[in-house]
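> Quick one: the structure is below, and I'll ask about it shortly.
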Amino acid sequence: MSNEHPPICDYEGSDYQQTFWDAGEREYEHRVEQVALARLLPAHGERLLEVGAGAGRNTARYQGFRQIILLDFSRTQLRQARARLGSDSRYLYVAADVYSMPFAPALFDAATMVRTLHHMAEPQEALEQIRTTLHTNARFVLEYANKRNLKAIVRWLLRRQSWNPFSRDPVEFARLNYDFHPKAVGDWLQQSGFSIDRMLTVSHFRLNLLKRMIPTGILVALDSLLQHTGNWWQYTPSVFVRTTAVGRDASRPEFAFWRCPLCASLEMIPQEDGVLCSDCDRLWPLVDGIYDFKIPADSD
Ligand SMILES: C[S@@+](CC[C@H](N)C(=O)[O-])C[C@H]1O[C@@H](n2cnc3c(N)ncnc32)[C@H](O)[C@@H]1O
């Protein structure tokens, strides 16, 4: 882990939800991810953290939880999520950086991270941060982009692609967009305090030609069946992993919820207009229903 803050893929002002999902002909991907999440998520729980929640595309899938915290670095994505999900008190919207979590240790009994690890220049550091927010035996469902997928293997064998899909190092195919090797992700998870319970391979048929020729419902049904082979081999572009947080938790005072991302204090006092850190005196504002824990650039 380096001392420098890892770079962040900034979605501020992005129309990702509209262009990638709503108009992007990705009904197949959306539905197979829904199947995988339903299979891996605990049916009930107290408090779930959704890391990199974006515009809340997946949030409605977490209905069994009493409280759902949507964390994203982008305020605009969270505004879109709030417009979609509403101001229901079950949802808490938090603008923050996964590398500087604003939560007390061992707060959550579940977490998810879908289509977000692939933006992490320091994936293990991000996973370690998530682990600190979970208590022992909490469930964490992670989706990652798999560099060792069939299409990449074929392209590499035909010499249409320079990078080796079998090597463990990440491939950055566009700035701050990474594909990872399953074994590397497995190692990072274990070193961060997670044990892997189950893997599902997802999006077996992510090829435009197939998606155009075969009805989506059939592709989804076939993918749903093939997902079960995920514990044996992983050659799809997307892999879902269900893990359990293992090892000991850092202790947490009973009522602590927030943690100051600047000074790490748990002495955080809720105010009408935000949360005040009583150690460093910073007020983290609550604006339009979104708690804003983004550290200003001049705070270093
Ligand atoms: C590809 S989108 C996925 C959104 C959502 N999970 C989905 O599947 O529709 C990735 C999200 O990760 C967020 N993100 C990227 N880096 C982050 C960081 N360091 N901390 C928190 N969120 C981050 C982005 O703002 C963006 O909303």
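The values are calculated or read from the model by the stated rules, or taken from the named source; none is laboratory data. No experiment lies behind these values; they were computed from the predicted model shown. Note: ideal-geometry Cβ built from the backbone for every residue, glycine included; neighbour counts use all protein chains shown.
> Kindly list the number of the only condition in (1) out of contact with any Gly (no Cβ under 8 Å at 6 or more places or on another chain); (2) in a helix (DSSP H, G or I); (3) within 10 Å of the ligand (Cβ to nearest atom) that fails for TYR28.
Looking at each condition in turn, TYR28 falls short on (3).
> What are the residues in region 70-92 that are touching a Leu at 6+ places or on another chain (Cβ under 7 Å) and within 12 Å of the ligand (Cβ to nearest atom), if any?
Selection gives LEU70, LEU71, ASP72, LEU78, ALA81.
> Applying the selection to region 101-116, what residues are in contact with a strand residue (DSSP E or B) (Cβ under 7 Å, 6 or more places away or on another chain) and more than 9 Å from the ligand (Cβ to nearest atom)? Let's see the steps before the verdict.
Start the filter on region 101-116 by keeping residues that are in contact with a strand residue (DSSP E or B) (Cβ under 7 Å, 6 or more places away or on another chain), which leaves 102-104, 106-116.
Those that are in contact with a strand residue (DSSP E or B) (Cβ under 7 Å, 6 or more places away or on another chain) and more than 9 Å from the ligand (Cβ to nearest atom): PRO102, PHE103, ALA104, ALA106, LEU107, PHE108, ASP109, ALA110, ALA111.
> Pick from region 31-46 the residues that are outside any loop (DSSP other than H, G, I, E, B), in contact with a Lys or Arg (Cβ under 8 Å, 6 or more places away or on another chain) and aliphatic (A, V, I, L, M): which of them is surrounded by the most Cβ atoms within 10 Å (Cβ to Cβ)?
LEU40
> Could I ask something else about it? Please count how many residues of region 60-103 are surrounded by fewer than 20 Cβ atoms within 10 Å (Cβ to Cβ) and not hydroxyl-bearing (Ser, Thr, Tyr).
Final tally of qualifying residues: 17.
> Residue by residue through region 12-30, note down the ones that are buried (at least 17 other Cβ atoms within 10 Å of the Cβ), under 18 Å from the mean Cα position of the chain (by Cα) and modelled with pLDDT of 95 or more.
GLU29
> Would you mind stating whether THR244 is under 15 Å from ARG198 (Cβ atoms), under 20 Å from the mean Cα position of the chain (by Cα) and outside any loop (DSSP other than H, G, I, E, B)?
Details: under 15 Å from ARG198 (Cβ atoms): yes; under 20 Å from the mean Cα position of the chain (by Cα): yes; outside any loop (DSSP other than H, G, I, E, B): yes.
Here the answer is yes, as THR244 does meet what is asked.
> Follow-up question, since we're still on this one. Kindly indicate whether any position in region 40-50 is among the aliphatic types (A, V, I, L, M), more than 22 Å from ASN137 (Cα to Cα), more than 7 Å from the ligand (Cβ to nearest atom) and modelled with pLDDT of 95 or more. Quick ask: steps written out before the conclusion?
Residues of region 40-50 that are among the aliphatic types (A, V, I, L, M), as a first pass: 40-41, 43, 48-49.
Subset that is more than 22 Å from ASN137 (Cα to Cα): none.
No.
> Another question about this same structure. Looking at GLY64, is it within 12 Å of the ligand (Cβ to nearest atom) and touching a His at 6+ places or on another chain (Cβ under 8 Å)?
No; evaluated as a whole, the condition is false for this residue.
> Return the pair list, or none, for Cβ contacts closer than 8 Å from residues in region 14-28 that are closer than 12 Å to GLY54 by Cα to residues that are in a helix (DSSP H, G or I), at least 6 apart or on different chains.
As it stands, the answer is SER14/THR76; SER14/GLN77; TYR16/GLN77; GLN17/GLN77; GLN17/GLN80; TRP21/HIS30, since those pairs meet every condition given.
> Can you tell me which residues in region 40-58 are touching a residue at least 40 places away in the same chain (Cβ under 8 Å) and under 17 Å from the mean Cα position of the chain (by Cα)? Steps first, please.
In the first step, residues of region 40-58 are kept if they are touching a residue at least 40 places away in the same chain (Cβ under 8 Å); the result is 40-42, 45-52, 54, 57-58.
Answer for region 40-58, where residues must be touching a residue at least 40 places away in the same chain (Cβ under 8 Å) and under 17 Å from the mean Cα position of the chain (by Cα): LEU40, LEU41, PRO42, ARG47, LEU48, LEU49, GLU50, VAL51, GLY52, GLY54, ARG57, ASN58.
> Quickly run through region 126-165 and pick out the residues that are aromatic (Phe, Trp, Tyr) and touching a His at 6+ places or on another chain (Cβ under 7 Å). Let's see the steps before the verdict.
Restricting attention to region 126-165, the residues satisfying the condition of being aromatic (Phe, Trp, Tyr) are 140, 144, 156, 163.
If the condition is that a residue be aromatic (Phe, Trp, Tyr) and touching a His at 6+ places or on another chain (Cβ under 7 Å), then TYR144 is the only one that fits.
> Would you mind finding the one in ARG75, ARG84, ARG90 that is touching a residue at least 40 places away in the same chain (Cβ under 8 Å) and of a type outside the set (A, V, I, L, M)? Full working, then the answer.
Values: ARG84 fails: touching a residue at least 40 places away in the same chain (Cβ under 8 Å); ARG90 fails: touching a residue at least 40 places away in the same chain (Cβ under 8 Å).
Just a single option satisfies the conditions, and that option is ARG75.
> Please go through region 126-169 and pick out each residue that is in contact with a Lys or Arg (Cβ under 7 Å, 6 or more places away or on another chain) and crowded, with 17+ Cβ neighbours inside 10 Å.
Listed by number, the residues that qualify are ARG139, VAL141, GLU143, PRO165.
> Being touching a residue at least 40 places away in the same chain (Cβ under 8 Å), hydroxyl-bearing (Ser, Thr, Tyr) and under 30 Å from PRO296 (Cα atoms) narrows it down to one of SER192, SER265, SER238, so name that one.
Working: SER265 fails: touching a residue at least 40 places away in the same chain (Cβ under 8 Å); SER238 fails: under 30 Å from PRO296 (Cα atoms).
Matching residue, one of SER192, SER265, SER238: SER192.
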